[in-house]
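Beneath this line is the structure, given in structure tokens, with notes to follow.
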């Protein structure tokens, strides 16, 4: 038998496909019709009345039929394609991508302000800009621990909390300024990073993850129960706001607006906070890229790959792990003190396991070790959640009591499953090598498989 | 006779309660190639790992260049310029060949990478072709070359090799053993080689030890052991025993 016939162009059996869609529609109608289309409610006299929900029924029916049709045409109907190259920017694009992206971030608040005015722009700068940048920074910080050193940390939010409470308590008790406390919060957080690091030095993988998870919970429970110190669930309010080197952002005579001869507006502080977190996030990225080229950064990556090999090459794995925990925690501490200064109020509610999970999800979905991946994942997850608050048009389909934000976790899970199916190593799975002989070459993680034998 | 470079005296190693090495004595002198042969599970790799401090010897004493290394942490032993190509090669799979080699020079903070690269490439030209490739994508033989090359990047005085021939084609094994012989002859590198491939190992080595069930049962020059009827029967002629 001959096997070398040319591969036929993929043709779609239309009659079969359409028949399949019709059958799907019939089955869906049979099931969804009674369950979704009809609903019984009690009226004032406690009589059951049959009501209909045809728009919702039709919407679900359409999703099922069209979804199945698309799957038939684009997924099941096609012969298996060779593996696509992973998402990797060519080096020339990558070189201009970073400055372009950073430039975009710098002009973002100004252009939004001009486009929408002080009232309309505050939401975009605060809810989108600052919020996303906080998560980018946290993602980049956690990336050092998880992405580079390969230490799975499920309690990262603890260091964020340490930074936030350090700033809040020290600023309120001693009246120290934000600029003094920012580095101090980082140092305290990295100190706690080392405290966590010591007991988990011998652990790896699942066991490490469980202990770090517990550590995150311990910090949160201390914050809740040590009421004298932290005021427990009530949280700390009236946290001093950061100043521009001593100039406060208020309506007073020596405030920012008066000093610069502007009309007072809360947008000034928002824009200042935006640039502050942008600077902190860029610092994180800058330090990470520099560290990767230093012996300690190389040791982190080698540690992620093979701990035993590291030791036999003379690398002290104890200090390597502790510096990874400390460095990652330091950036969480910075972000935490920024968070406290921005909110003016903190409570243990802000530092739940869900936060750790979100930050970890940003790192994993983005592609472990990839700074760009973290940016994309943070924009998608955090920005996506903010967008869901605004999808009021969905109420037209699903009824007035439909709240899209309630479906956040569901979509989040679906996104996770999707990424793990199609991009198991995250959105950006290329790893930029840090050592070169002559020319730079991106080495892909998913294009090539590992050799055996 | 001069003081041996590496001296193992009465070493006993346990995994939990199970004894793996039952009092091993062994010497490696400077400039020698010494091989340790034996069947699966005889304790060859355990001895090699014990020299590197993981697992630790429960009793006995290991000295290297006059320094007691029995209780020294593994990374500090490596800093005495003993390099190891461990069992299973253990290269860094997601790092490039270049980065793997560079990690070999970690104890000197990557100071002399560029000079040493040429030396390593002269020995294993294949690695130069693969320089930008991820370690995990190399073939088995190339990975073994990389493991040895990485160990050499630390400018070792002594090289410990655990089964470099494992799973490789005979021609590749020959290339690797030739490289070891070359290093020993030109640089005076001391080599301790753990092998199951007794014939090749004994032909390469100046001296050899035979290990059975955690005990060294025989020792002699490579030629003596190759000629010994017991060794022939157990390890060379099809292994009917």
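Of the helices (runs of 4 or more DSSP H) lying entirely inside the range A:122-217, those carrying at least 3 residues that are within 18 Å of the chain's Cα centre (by Cα) are A:131-142, A:157-174. So which of A:130, A:102, A:96 is in contact (Cβ under 8 Å) with a residue 60 or more places away in the chain and surrounded by fewer than 18 Cβ atoms within 10 Å (Cβ to Cβ)? From the options A:130, A:102, A:96, the qualifying one is A:102. Scanning the range A:165-199 for residues being in contact with a helix residue (DSSP H, G or I) (Cβ under 6 Å, 6 or more places away or on another chain) and free of Cβ contacts under 8 Å to residues at least 60 places away in the same chain gives a total of 2.
Considering only residues that are assigned to a helix (DSSP H, G or I) and more than 21 Å from residue A:398 (Cβ to Cβ), which ones fall in the range A:25-67? A:26, A:27, A:30 - these are the residues of the range A:25-67 that are assigned to a helix (DSSP H, G or I) and more than 21 Å from residue A:398 (Cβ to Cβ). Of the residues making up the range A:220-274, those that are assigned to a loop (DSSP other than H, G, I, E, B), within 22 Å of residue A:121 (Cβ to Cβ) and free of Cβ contacts under 8 Å to residues at least 40 places away in the same chain are A:248, A:249, A:250, A:251, A:255, A:260, A:261, A:262, A:263, A:264.
So, residue B:115, is that one closer than 24 Å to residue B:35 by Cα, in a helix (DSSP H, G or I) and free of Cβ contacts under 8 Å to residues at least 24 places away in the same chain or not? Judged against the criteria, residue B:115 is not a match.
If you go through the range A:297-309 one residue at a time, do you hit one that is closer than 17 Å to residue B:99 by Cβ, without any contact (Cβ under 8 Å) to a residue 60 or more places away in the chain and more than 7 Å from every other protein chain (Cβ to nearest Cβ)? Checked the range A:297-309: no residue is closer than 17 Å to residue B:99 by Cβ, without any contact (Cβ under 8 Å) to a residue 60 or more places away in the chain and more than 7 Å from every other protein chain (Cβ to nearest Cβ). From the list A:147, A:186, the lone residue that is surrounded by 24 or more Cβ atoms within 10 Å (Cβ to Cβ) and at pLDDT 95 or above is A:186. Count of the range B:24-58 residues, restricted to those that are assigned to a strand (DSSP E or B), crowded, with 16+ Cβ neighbours inside 10 Å and in contact (Cβ under 8 Å) with a residue 40 or more places away in the chain, is 9.
Scanning the range B:106-134 for residues that are facing another protein chain (nearest Cβ under 9 Å), under 23 Å from the mean Cα position of the chain (by Cα) and crowded, with 20+ Cβ neighbours inside 10 Å yields B:106, B:107, B:117. The residues listed here are A:373, A:369, A:383; of these, the one that is part of a loop (DSSP other than H, G, I, E, B) and in the same structural domain as residue A:154 (by TED's automatic domain parsing) is A:369. For the criterion of being surrounded by fewer than 23 Cβ atoms within 10 Å (Cβ to Cβ), facing chain A (nearest Cβ under 7 Å) and over 21 Å from residue B:32 (Cα atoms), residue B:140 passes. At least 3 residues being in contact with a helix residue (DSSP H, G or I) (Cβ under 7 Å, 6 or more places away or on another chain) and over 22 Å from residue B:118 (Cα atoms) is the threshold, and among the strands (runs of 3 or more DSSP E) wholly inside the range B:139-241 those reaching it are B:190-195, B:207-212.
Scan the range A:411-434 for residues that are in contact with a helix residue (DSSP H, G or I) (Cβ under 7 Å, 6 or more places away or on another chain) and part of a loop (DSSP other than H, G, I, E, B) and the total you get is 5.
Going residue by residue through the range B:171-194, is there one that turns out to be in contact (Cβ under 8 Å) with a residue 12 or more places away in the chain, within 12 Å of chain A (Cβ to nearest Cβ) and more than 23 Å from residue B:25 (Cα to Cα)? Checked against the condition, which is being in contact (Cβ under 8 Å) with a residue 12 or more places away in the chain, within 12 Å of chain A (Cβ to nearest Cβ) and more than 23 Å from residue B:25 (Cα to Cα), the range B:171-194 yields at least one hit. Looking across the range B:59-96 at every residue that is assigned to a loop (DSSP other than H, G, I, E, B) and more than 19 Å from residue A:314 (Cα to Cα), the one that is farthest from the other protein chains (Cβ to nearest Cβ) is identified as B:66.
The values are calculated or read from the model by the stated rules, or taken from the named source; none is laboratory data. The structure displayed is predicted, hence computed values, not measured ones. Counting neighbours? That spans all protein chains shown, and the Cβs are built from the backbone with ideal geometry, glycine included.
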